[in-house]
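Every number in this text was worked out from the coordinates using simple rules, so none of it is lab data. Values in this document were obtained by computation on a predicted structure and should not be read as measured data. Using ideal geometry, Cβ is built from the backbone for each residue, glycine included, and neighbour counts are taken over all protein chains shown.
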2 protein chains.
Amino acid sequence: MIRETAGGGRRGALALPHRTVQTPVFMPVGTAGSVKAVPQDVLEALGAEIILGNTYHLYLRPGHEAIARMGGLHRFISWQRAMLTDSGGFQVFSLAKLRKVTDDGVEFRSHLDGSKHFFSPEHSMDVQIALGADIAMAFDECTEYPADRQRAEESLRLTMAWAERSLAHHKANRQKTPWFDEKTGKRQNLFGIVQGGMYADLRKQCAERLVEMDFDGYAIGGLSVGEPRELTLEMIEQVLPMLPKDKPRYVMGVGYPEEIEQYARLGVDMMDCVLPTRAARHALLFTSEGRVNIKNKQYAEDQNPPDPNCQCPVCRRYTRAYLRHLVQAGEPLAATLNSIHNLAYYLGIMQRVRAEMATANASL
Amino acid sequence: MIRETAGGGRRGALALPHRTVQTPVFMPVGTAGSVKAVPQDVLEALGAEIILGNTYHLYLRPGHEAIARMGGLHRFISWQRAMLTDSGGFQVFSLAKLRKVTDDGVEFRSHLDGSKHFFSPEHSMDVQIALGADIAMAFDECTEYPADRQRAEESLRLTMAWAERSLAHHKANRQKTPWFDEKTGKRQNLFGIVQGGMYADLRKQCAERLVEMDFDGYAIGGLSVGEPRELTLEMIEQVLPMLPKDKPRYVMGVGYPEEIEQYARLGVDMMDCVLPTRAARHALLFTSEGRVNIKNKQYAEDQNPPDPNCQCPVCRRYTRAYLRHLVQAGEPLAATLNSIHNLAYYLGIMQRVRAEMATANASL
């Protein structure tokens, strides 16, 4: 269901168990089962078709077994559109304490209470199957930046071995998702993750190996970890041609508004990032006129909408002066309204890009 | 437009400049121009017809002059239904530092930055006229509890003198509200506030004097300040018969769900309280089955709605387990969803009471 356009972008539709998602798509991040400060009905009204959940957070609290007993993540958070869970690997490496990595997996202590836990590829699959998102991710090691070649090779060896184990364990257990339906054949998808640090040849080697393994889709991970943006772009450009055309391509953890548009036009189908919501909580708005730090005094009596070219519910109703006041006064509504606008802006970029691609297709 | 029912309650409609409000009514509190954590469109959907703003907070931040320049409070916060502002007196006495009270007014230091300010009855009127709510309140001294008779008498003397000055200054300047309309005669209302501590005869004396002054409506203030509930009830019961039947009666700062129902049935037309939103931010839900501390472990896997008898958007969509998780995880959505439910519960009580009164009227 994916058609390439002249510029290399891909207009498609991803038929997932809970929703057919129009691509290229931006996926808001719902870390602990909530896209921070934004109610689910608002996300629906904004046109969000797929959101993320973080396996690490949900595993620690409230726990994947509790969520499974309650019918899975969709039901637990009351979100009946599509969802994706990451593997937990990224947070284990960025948030958890006292990690001990072996070939078998990662032992770590919770950032919440210091309790000891162990994640292996098999355990990550079990947790993600219990959560029951539409898409699960293979357990990988997110190579830090910078990493020298030896370190990147060693990390990649682990990621590839873990990808194989993830795939095997997922295949054998994926029927255990709370909503698995033998009759319709609806089942959880598993994506592999291309790593390899900033070494194009390692990235290609990884992509080739993962494609042989035959995942349902492919992600490019380990980007936006501090490297210059040219390097991010180079890695994406090197990897994309290695991936099969008929399967979705997901670049994890990007990015700024101009980045998501650029990558979508390169042929990336899926992206996610905490930036729109995190920036919103720090009073930073993304607008068609550039970034607006709504805390600035210059907006104190500015009665224009946050973005004069935006039709989101916040821009239709409220002024910059009011949003600034909410931030200044420490009102919780500030996070909500700022987040709604930023998400609308991100989702709107993808809507526009998709519409342009559809037009390009029509004129072929 | 007010009809008394057999039990003493009053079913009415209050024609205010921005909205005809059905009474008895509960008014959510929007302290600094936002009912905390709840967007304006949600308040509308819940049926809120009138909300409060706090003069003290808005005077300090963003400032009444800035709000007036932006067209008044309704426009500033994008709320086109009715609003009421308090006089600032209560917060000056409860929040501000280093107060110095004279017959002229109160000198105080801001709780925000320690800056020095002075509130007189005239200044409170100027600020409230600039904010431009539908209803302004006379500047009063909220007598603390307990207060001995001498202290209560002295405080009452001040309140009555200030009421007279408030009324005169308001009458002379009320055409300065940002939305004043000479043609339609739409103008800001001013309510007097009955004080007198817990002394019934002082309360009656105050009510009598205020009624002579002829305000647009009458409030009973200085309740819910720590006194036992029987005393609150006694004061209300003593004062209500003193007030003219054709004018609205407002008991300030109450109360628990059972209280607002009880007072409405006694003939109180208007009430406000931070309790539903403040309790919500501390995970306390008011439900038809009693109070629910949603943080409790017993709700960890409880898939019932927060209140099985409630039709609010939160109870229709989410489970107790999810709300508990949001609180446990420190998610900002917890405050929003809990507040929406509690406000729906409070507004629902008044809807039910109004419907019952209408039926009682019909059967007379």
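Here are the numbers for the structure shown:
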quantity	calculated
D (Stokes-Einstein, µm²/s), Kirkwood Cα radius, the range A:181-333, 1.567 mPa s at 4 °C	72
Angle between chain B longest axis and helix B:200-213 axis [Cα atoms, degrees, rounded to 10]	70
Distance histogram for the range B:264-355 (every C-alpha pair counted, 10 angstrom bins, percent rounded to whole numbers)	17, 51, 23, 8, 0
Averaged over A:322-335, number of beta-carbon atoms from partner chains that fall within 10 Å	6
Lysines whose Cα lies under 27 Å from that of A:K245, excluding same-chain neighbours fewer than 8 positions away	A:K171, A:K186, A:K204
Computed magnitude of the charge dipole of the protein assembly as shown (debye, nearest 20; Cβ of K, R +1, Cβ of D, E -1)	540
Tilt relative to chain B, helix B:229-239 - C-alpha long axis, 0 to 90 degrees, to 10	50
Pairwise FRET efficiency - B:E164 versus A:A45, Cβ, R0 = 60 Å, nearest 0.05	0.70
Within chain A, helix-based [θ] at 222 nm, where runs of 4 or more DSSP H residues each add -39,500 (n - 2.57), nearest 500	-12500 deg cm²/dmol
Low-density loop positions, GluC sites (Glu not before Pro), the range A:122-229 - DSSP coil, at most 15 other Cβ in 10 Å	A:E144, A:E182
Distances in nm from B:A200 to the matching label points in the other copies, shortest first (labels 7 Å along Cα to Cβ)	9.2
Separation of alpha-carbon centers, the range B:15-77 and the range A:59-110, rounded to whole Å	42
Copy-to-copy label separations for A:A66, where each label sits 7 Å from Cα toward Cβ, in nm and ascending	4.2
Relative contact order computed over chain A (Cα-Cα under 8 Å; 6+ residues apart), in percent	17
For A:33-39, mean number of other protein chain Cβ atoms within 10 Å	6
Whole-number D in µm² s⁻¹ for chain A, Kirkwood Cα-pair radius fed into Stokes-Einstein, 25 °C, 0.890 mPa s	117
Square roots of five times the Cα gyration tensor eigenvalues for the range B:74-216, Å	26, 20, 12
Max mean-square fluctuation residue, GNM over chain A, Cα-Cα springs under 10 Å, options A:A334, A:A133, A:A15	A:A15
Relative contact order for the range A:174-218, counting Cα pairs under 8 Å that sit 6 or more residues apart, in percent	35
Size descriptor, Kirkwood hydrodynamic radius, that averages inverse alpha-carbon separations across the protein assembly as shown, Å	28.3
Global geometry of the range A:108-186, whether rounded, prolate or oblate, following the gyration tensor of its Cα atoms and the 1.5 cut on a/c	oblate
Antiparallel DSSP beta bridges within the protein assembly as shown, percent to nearest 5	45
Shielding of B:337-344 by partner chains, average beta-carbon count, 10 Å	1
Degrees between helix B:332-362 axis and first principal axis of chain B (Cα, 0 to 90, nearest 10)	70
Long-range Cα-Cα pairs in the range B:24-112 (distance over 20 Å), rounded percent	40
Shortest-first distances to equivalent copies, position A:H117, nm, label 7 Å out along Cβ	4.7
Percentage relative contact order, the range B:1-160, counting C-alpha pairs under 8 Å, at least six apart	19
Neighbour-limited loop hits for GluC sites (Glu not before Pro), the range B:241-319 (at most 13 other Cβ within 10 Å; DSSP other than H, G, I, E, B)	B:E289
Residue-count net charge about A:E65 - beta-carbon cut-off 13 Å; Lys, Arg +1, Asp, Glu -1	+1
